[in-house]
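A.B. asks: Supplied in structure tokens, the structure appears directly below.
The values are calculated or read from the model by the stated rules, or taken from the named source; none is laboratory data. Here the structure is a predicted model, which is why all the values come from computation and not from measurement. For neighbour counting, all protein chains shown are included, and Cβ atoms are generated from backbone atoms with ideal geometry for every residue, glycine included.
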Amino acid sequence: MPAFSLEPDQVARCAELRTLAAERLRPLAEKGEPGHVNRPLVAELGRLGLLDRLFSSGALDLCLMRESLAHSCTEAETALALQGLGAHPVHAHGTPAQRDRWLPGVREGAVIAAFALSEPGAGSDAAALSLRADPDHDPAGAPSAEADGPGRWRLTGEKCWISNAPEADFYTVFARTTPDAGARGVTAFLVPADRPGLTGTGLDMLSPHPIGALRFDAVPVTADDVLGEPDRGFKVAMGTLNLFRPSVGAFALGMAQAALDATLAHTARRDAFGGKLKDLQTVAHQVAEMALRTEAARLMVYAAATAYDEGADGVPKRAAMAKLLATETAQYVVDAAVQLHGARALHRGHLLEHLYREVRAPRVYEGASEVQRGIIAKELYATLEARP
């Protein structure tokens, strides 16, 4: 089964992607400005056909792409993933007009997408969104649309920690259309970046990819901008996250494998205490533990992705488990690699210095580790209660 043993053609594609990332994508990444969208890099992802694969293949292929790219160029991996995260709701829930307008540019790498869910007061608690979608009224106070006509709203509030903001060309925005309704009162909107009243600022974060805050000052949206159905946007968000959470784990795996490969090479050649570092039992056991945890997490990621592709039961639990284990594992592996390399790994520009900064964020975004544990427990108890 693919969950446990990749087919030869999959192994070959992964090797090809690692080479492409090292030879064609990393040079473009190195020319980019930290904290800003690297449009030449995104365009190259489009030319290579990788962005098109976001919408033409399954969760396992997405995981293999993200893991392979992350091994050789984390910036390319992140650029690809952010295009997928921002545009998947349009692909899965958009109208034909919405898909025709935006997805060709996303596939080509000419249009930048973003997923705008988190808020200053609603990060992990996604159901507590406060960005308001108020019914639009004319100056006389009457509704601006007929009762049987298209809906119109004004978005008012803030979003924060939004990847690709404020430089994206459009945002998948989740706003509250029904007050005090929790997850049931949220609607997903496709909001072009040039809508009046929408502004944004960049945030200076630990990770080098672009992250910003958005402010909505009565931004106009209509029924033509709705993704899916009004008040059903939480389903759009969770469906997207169920697909991408295992692949966040794959991103982490790529970094863990890169750190492990660097550690194997370093400990095999580094002289210490009359021999090589690898000859010290404590070092050898540490490297074995790094490899063990990485492989265990990889199997869980592949299994979760395969379950998603096959429409198996328990996808939310599997996705949460995969994301949780892989991101926590990558943090451990990268930290251990830094320790075994010593001070050289802390030099600005060293591979491990880069990975050390990159590896921390995945334990927080798309649901922090604590949220994943909550999802897992909820699903376990729901299964128990459903038994006869």
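A.B. asks: How about the range 193-219: which of its residues are touching a Lys or Arg at 6+ places or on another chain (Cβ under 6 Å), touching a residue at least 40 places away in the same chain (Cβ under 8 Å) and over 30 Å from residue 320 (Cβ atoms)?
C.D. replies: 218, 219
A.B. asks: Of the residues 81, 87, 59, 97, which is surrounded by fewer than 17 Cβ atoms within 10 Å (Cβ to Cβ) and outside the structural domain of residue 246 (by TED's automatic domain parsing)?
C.D. replies: Result of the check over 81, 87, 59, 97: 97.
A.B. asks: Related question: Out of all the residues in the range 308-352, which are in a helix (DSSP H, G or I), of a type in the set (Asp, Glu) and without any contact (Cβ under 8 Å) to a residue 40 or more places away in the chain?
C.D. replies: Of everything in the range 308-352, those that are in a helix (DSSP H, G or I), of a type in the set (Asp, Glu) and without any contact (Cβ under 8 Å) to a residue 40 or more places away in the chain turn out to be 310, 335.
A.B. asks: Tell me, yes or no, whether the range 244-267 has at least one residue that is touching a residue at least 12 places away in the same chain (Cβ under 8 Å), farther than 29 Å from residue 62 by Cβ and outside the structural domain of residue 122 (by TED's automatic domain parsing).
C.D. replies: yes
A.B. asks: Could you please let me know if residue 86 is in contact with a strand residue (DSSP E or B) (Cβ under 6 Å, 6 or more places away or on another chain), small (Gly, Ala, Ser) and modelled with pLDDT of 95 or more?
C.D. replies: Answer is yes for this residue.
A.B. asks: While we're looking at this one, here's another question. Is it the case, given these coordinates, that residue 367 is out of contact with any strand residue (DSSP E or B) (no Cβ under 6 Å at 6 or more places or on another chain), on the phi > 0 side of the Ramachandran plot and either in contact (Cβ under 8 Å) with a residue 12 or more places away in the chain or not in a helix (DSSP H, G or I) (or both)?
C.D. replies: So residue 367 passes the test.
A.B. asks: Please work out which residue is surrounded by the most Cβ atoms within 10 Å (Cβ to Cβ), limiting yourself to the range 29-47 and to residues that are free of Cβ contacts under 8 Å to residues at least 24 places away in the same chain and not acidic (Asp, Glu).
C.D. replies: The selected residue is 40.
A.B. asks: Restricting attention to the range 239-272, report how many residues are surrounded by fewer than 18 Cβ atoms within 10 Å (Cβ to Cβ), in a helix (DSSP H, G or I) and among the hydrophobic types (A, V, I, L, M, F, W, C).
C.D. replies: 3
A.B. asks: Something else about it: Take the residues in the range 301-345 that are of a type in the set (A, V, I, L, M, F, W, C) and in contact with a Phe, Trp or Tyr (Cβ under 8 Å, 6 or more places away or on another chain); name whichever of them is farthest from residue 288 (Cα to Cα).
C.D. replies: Result: 315.
A.B. asks: Then there is this: Pull up the range 112-137, narrow it to residues that are closer than 19 Å to residue 197 by Cβ and outside any loop (DSSP other than H, G, I, E, B), then point me to the one that is nearest to the chain's Cα centre (by Cα).
C.D. replies: 114
A.B. asks: Between 127, 147, 142, 122, which is closer than 19 Å to residue 179 by Cβ, aliphatic (A, V, I, L, M), at pLDDT below 90 and surrounded by fewer than 17 Cβ atoms within 10 Å (Cβ to Cβ)?
C.D. replies: From the options 127, 147, 142, 122, the qualifying one is 127.
A.B. asks: What number of residues in the range 11-42 are aliphatic (A, V, I, L, M) and under 27 Å from residue 161 (Cα atoms)?
C.D. replies: Counting residues in the range 11-42 that are aliphatic (A, V, I, L, M) and under 27 Å from residue 161 (Cα atoms) gives 7.
A.B. asks: Here is a further query. Taking the options 241, 227, name whichever one is out of contact with any Leu (no Cβ under 8 Å at 6 or more places or on another chain) and outside the structural domain of residue 63 (by TED's automatic domain parsing).
C.D. replies: Criteria check complete, one pass: 241.
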